[in-house]
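S.K.: Sharing a structure, written as structure tokens. Questions coming.
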Amino acid sequence: MDPVRTLDTGIASGLVTVLVDELGGGSSSIQTPAADFEAAERGVAIGRRFIPWHRVRRYEWDLPPKEFGEELRVSASVRLVVDDANGAPEEHVVSADGFEASAFADAAEDIVDTVSGTVMVRRIGIPWHHVREYERIPADATPDAYAPERPDA
């Protein structure tokens, strides 16, 4: 069975993409079936290969798209700022229900396709040394109320 291609993300459902920092600079990307991947306290296992967190920049995979209903859930969210592949800040806003602070930052980002009426969930795991900050945002907060002045932006 072929993996289902997602919207325009370039990531196939059922495949985990791991971005790894290489020795001497640069990075590489490893794709593996989700069944051969495991995130653990000290790093990620890809089949029999283990890569420690200090070399992992991030991993992500898309869950199969599903239809969404008309009701839109209003819930708390988390603003997560991480280093991208070039070390620049990259911001994700995810549902608080989809964020977990454990041995690594684990977030579920919803990607909505209004044309087809589907929503896809992208799971993103980021080692703490690539997380710049995260902020919990109450459901009733207005965008201006939680946007602090950023002297480094």
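S.K.: Please give the peptides 54-64, 108-118 ranked by average Cβ packing (other Cβ atoms within 10 Å per residue), highest first, as a rough proxy for protection. Working shown, then result.
M.R.: On the way: 54-64: 18.6, 108-118: 13.1.
In decreasing order of mean packing, 54-64, 108-118 become 54-64, 108-118.
S.K.: Another question, then. Taking amide hydrogens as modeled 1.01 Å from N in the peptide plane, which residues meet the under 5 Å criterion relative to Gly14, leaving out close sequence neighbours?
M.R.: Asp62
S.K.: Provide Arg123, Arg48 ordered by accessible surface of protein heavy atoms (probe 1.4 Å), highest first.
M.R.: Descending order: Arg48, Arg123.
S.K.: Here's another thing I want to ask about it. Determine the per residue accessible area of the range 53-128 with all protein chains present and a 1.4 angstrom probe, expressed in square angstrom.
M.R.: Per-residue accessible area for the range 53-128 comes out at 51 Å².
S.K.: Within 10 Å, Cβ to Cβ, of His130, how many net charges do the neighbouring residues add up to if Lys/Arg are +1 and Asp/Glu are -1?
M.R.: Around His130, the charge tally is -1.
The values are calculated or read from the model by the stated rules, or taken from the named source; none is laboratory data. Nothing here was measured: the structure is a model prediction, and the numbers come from that model. Positions of Cβ are backbone-derived with ideal geometry, glycine not excepted, and every protein chain shown enters the neighbour counts. When the accessible area is computed, the model is the full protein with side chains, heavy atoms only, and any ligands, DNA or RNA have been set aside. Shrake-Rupley method; radii C 1.70, N 1.55, O 1.52, S 1.80 Å.
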